[in-house]
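The structure under discussion appears below in the form of structure tokens.
The values are calculated or read from the model by the stated rules, or taken from the named source; none is laboratory data. Just so it is clear, the model here is predicted, and its values are computed rather than measured. Quick reminder, even Gly has a Cβ in these numbers, built from the backbone with ideal geometry, and neighbours come from all protein chains shown.
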Amino acid sequence: MRQLSAYGAAAVAVLVWASYPVATRAGVTGSFAPADLMLLRFGVGALLFLPYLALHFRSIQRDTWRQCVPLTLFQGAGMAALVICGLQFAPASHAAALGPGIAPAWVALLGFVVFSRRPSARMVIGASLCAAGVITLIARSASAAGTSVLEGDAMFVAASALGALYVLQLRNWGIGAIMGAAIVTLYSALIAVAWHLGSGLGALWRAAPLELLWQVLWQGVLIGCVALVALNHAIARLGPERASALVALVPALGAVLGFLFLHEIPSSAEIAGIFAISAGVSVGASRGYGGNPAASSAAAKAAA
């Protein structure tokens with residue numbers, strides 16, 4: 001029964017990650033500016049995390065508050081801004097593939113280059129497949145879709161690298177996943193409020209109530225809180241390897257949802273690239289650095 005609930009939690013996390021680019025693409029190409037979605041993403045998320053921070057406030061060390069400042073650039077406002085702005089130019093399927101899809105490859109590469117952690121042979125093979133998929137997608141964008149899609153793709157790749165740095169540094173500093181997410185979300189909310197005020201009120205307060213509620217649900221509640229909690233539950237019950245392997249479903253599912261809800265039809269080259277990335281994640285997820293399962297956990301959390 002516990003394993004069944006763990007698979008259910010993993011399914012929720014994967015569905016949220018795959019759906020988030022679709023919902024964001026619909027918002028940022030429709031009624032909302034990037035600053036509007038940033039405010040919903042972190043403003044609502046910060047409100048949800050405030051009770052947790054209040055409960056643990058006295059136990060949070062001063063170094064943790066300080067260390068979460070650069071982490072905010074990695075996983076918080078910096079990463080989210082790249083994804084949201086990139087979705088103005090590139091389709092949702094590219095965001096799902098080049099964001100959470102290649103996070104494990106970034107974990108392997110940056111873990112070796114920055115933290116001198118030796119990846120296993122399976123992780124190297126998986127990262128190579130992801131790289132082949134990325135090259136295929138970007139080549140397709142360059143040849144057929146124009147420079148605007150390339151701009152979006154570049155933002156997704158950069159966002160994925162920041163997410164991998166976040167997880168690697170989080171583990172290096174020994175900050176818990178929930179604690180790090182709570183403080184980073186709070187700091188990011190302050191940045192989002194300043195950005196929103198600096199850019200004017202935008203369309204946020206003039207949007208239709210149902211449309212606004214939809215974006216509050218996806219930006220603040222699901223991607224900001226539910227996916228993270230579900231992932232941690234799945235890792236605790238299934239182990240990091242099996243939980244990480246499920247991330248392989250995100251690129252393909254994101255492409256399917258983009259087709260169903262946004263009528264974005266991927267080309268055969270894009271489909272090949274997406275499946276290469278999914279295969280790379282699946283191959284590389286089962287073993288981490290030198291057989292250490294913690295790295296597989298890091299790869300999964302980078303996708304969040």
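Per-structure values
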quantity: In the stretch 239-248, the residues that are surrounded by fewer than 21 Cβ atoms within 10 Å (Cβ to Cβ) and either modelled with pLDDT of 70 or more or among the small types (Gly, Ala, Ser) (or both); calculated: GLY239
quantity: Close pairs from the stretch 216-236: first within 16 Å of GLY27 (Cα to Cα) and of a type in the set (Val, Ile, Thr), partner at pLDDT below 85 and crowded, with 21+ Cβ neighbours inside 10 Å, Cβ under 9 Å, at least 6 apart; calculated: ILE223/ALA304
quantity: The stretch 77-99 residues that are surrounded by fewer than 23 Cβ atoms within 10 Å (Cβ to Cβ), paired with ones that are outside any helix (DSSP H, G or I) and at pLDDT below 95 (beta carbon under 8 Å, 6 or more apart); calculated: GLN88/THR29
quantity: Members of the stretch 44-66 found to be hydroxyl-bearing (Ser, Thr, Tyr) and either surrounded by 14 or more Cβ atoms within 10 Å (Cβ to Cβ) or under 10 Å from ALA182 (Cβ atoms) (or both), listed by number; calculated: TYR52, THR64
quantity: Selection status of SER59, over 23 Å from VAL184 (Cα atoms) and over 20 Å from the mean Cα position of the chain (by Cα); calculated: no
quantity: Sole residue being under 25 Å from LEU165 (Cα atoms) and surrounded by fewer than 20 Cβ atoms within 10 Å (Cβ to Cβ), chosen from VAL107, VAL16, VAL69; calculated: VAL69
quantity: Scan of the stretch 58-74 for residues that are at pLDDT below 95 and either among the aromatic types (Phe, Trp, Tyr) or closer than 26 Å to LEU213 by Cβ (or both), ordered by number; calculated: PHE74
quantity: Filter result (out of contact with any Gly (no Cβ under 7 Å at 6 or more places or on another chain) and over 11 Å from SER93 (Cα atoms)) within the stretch 268-277; calculated: SER268, ALA269, ALA272, PHE275
quantity: Qualifying residues in the stretch 184-197 (those that are touching a residue at least 12 places away in the same chain (Cβ under 8 Å) and more than 11 Å from GLN75 (Cβ to Cβ)) - the one surrounded by the fewest Cβ atoms within 10 Å (Cβ to Cβ); calculated: VAL193
quantity: Test: ALA304 is more than 20 Å from ALA139 (Cβ to Cβ), outside any helix (DSSP H, G or I), modelled with pLDDT under 95 and small (Gly, Ala, Ser); calculated: yes
quantity: Helices (runs of 4 or more DSSP H) contained in the stretch 75-164 and holding at least 1 residues modelled with pLDDT under 90; calculated: 103-113, 121-140
quantity: Total residues in the stretch 245-276, condition in contact with a Ser or Thr (Cβ under 9 Å, 6 or more places away or on another chain) and part of a loop (DSSP other than H, G, I, E, B); calculated: 2
quantity: Total residues in the stretch 113-139, condition within 22 Å of VAL28 (Cβ to Cβ) and either surrounded by fewer than 16 Cβ atoms within 10 Å (Cβ to Cβ) or touching a residue at least 40 places away in the same chain (Cβ under 8 Å) (or both); calculated: 1
